[in-house]
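Here the structure is laid out as structure tokens; the discussion comes afterwards.
Bear in mind that the values in this text are calculations on the coordinates, not laboratory data. Since the model is a prediction, treat every value here as computed from it, not as a measurement. Note: ideal-geometry Cβ built from the backbone for every residue, glycine included; neighbour counts use all protein chains shown.
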Amino acid sequence: MATNIARASTGQIAVNGRGRPATIRARRASFLADLWSVAIRALRALPREPEVIVPSLIIPVFFFAVNIGTLQDFAQRGIPGLDFRAFQLPTAIVFAVTGISRAPALVTDIQSGYFDRMLMSPMRRLSLLLGLMIADLALVIGLTVPVLLLGFAVGVGFETGVLGVLVFMLLAGFWGLAFTGFTYAIALKTGSPGAVGASFILFFPFVFLTMATLPLEALTGWLGTIAEFNPMTYLLAALRSLLYGGWQPRALLEGVLAIAGVAVVSMSLALAALRGRVERG
């Protein structure tokens with residue numbers, strides 16, 4: 001009678017009835033297990049990389065303080081009743097969460113050969129990218145907390161209450177996640193830390209060609225025209241609607257659609273770059 005013996009804990013080797021070694025195949029992990037293994041590795045690395053987190057907080061706090069200090073009186077004289085501090089808080093949040101990703105760590109993995117070893121394993125290729133994005137989502141939502149606390153400290157409030165705060169954080173988090181597709185596309189395509197570092201320049205057209213500092217109705221000429229087609233305009237409007245004016249379903253829907261539009265473009269580029277690197281590997 002054929003017998004199969006396999007006890008890895010005791011070091012025994014599986015043999016068939018003829019005394020020859022039998023083929024042992026490792027059972028492939030589930031997609032969720034692959035996803036979790038990549039995500040938990042990325043999350044554990046975050047506390048060891050303060051150089052990623054600290055600048056992401058310094059920049060929005062700096063612009064928030066400077067804009068309030070220099071433009072508040074001017075804006076409130078030009079637009080009576082405008083709470084410029086509440087108006088500027090979403091801009092500071094967007095500065096905090098846009099362009100923050102694990103793409104530099106991915107480049108390090110590519111250059112060290114770790115990423116290629118992962119491609120040789122049975123791990124599903126998509127989990128290598130989505131696992132990093134899970135860590136990104138946790139990071140960018142976490143970055144909104146200290147900026148929100150700063151806003152509360154200077155007197156900014158939410159007319160939509162605690163639920164509005166949660167929706168605000170989710171919108172900001174998913175915007176940050178949608179934007180990471182661009183950085184991952186560059187990282188996977190080039191494997192260059194310099195190219196990934198320079199990708200932050202993609203953020204400037206989004207934020208400065210929009211109503212980051214003044215309401216849309218105050219923008220004139222070509223700047224106002226471009227701002228109408230800039231998805232960040234609708235993101236900022238959605239975030240601001242949660243601060244003042246009460247629940248505004250249309251503004252929130254337009255903000256969600258803007259995030260989805262950017263996500264479709266950026267994630268398509270990232271997945272195409274991943275597919276290209278897999279084929280080259």
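General observations
- Whether segment 30-280 is rounded, prolate or oblate, judged on the alpha carbon gyration tensor where a/c under 1.5 counts as rounded: prolate
- Under Karplus coefficients 6.51, -1.76 and 1.60, residue-wise ³J(HN,Hα) of segment 126-140 in Hz, glycine/proline x: 4, 5, 5, 8, 5, x, 5, 5, 4, 5, 4, 4, 4, 5, 5
- For segment 102-137 versus segment 237-278, the gap between their alpha-carbon centres in whole angstrom: 24
- Sequence of Thr144, Thr98, Thr160 once ranked by neighbouring C-beta atoms within 10 Å, starting from the fewest: Thr160, Thr144, Thr98
- Charged neighbours of Ser266, selected by a Cβ distance under 14 Å, balance to 0 (K, R count +1; D, E count -1).
- Taking θ as phi - 60° and the Karplus parameters 6.51, -1.76 and 1.60, the scalar couplings of segment 47-62 work out to x, 8, 10, x, 5, 7, 8, 4, x, 5, 9, 5, 4, x, 5, 4 Hz in sequence order, x denoting glycine and proline.
- Within segment 30-280: Cβ-based charge dipole about Cα centre, in debye rounded to nearest 20 (Lys, Arg +1; Asp, Glu -1): 660
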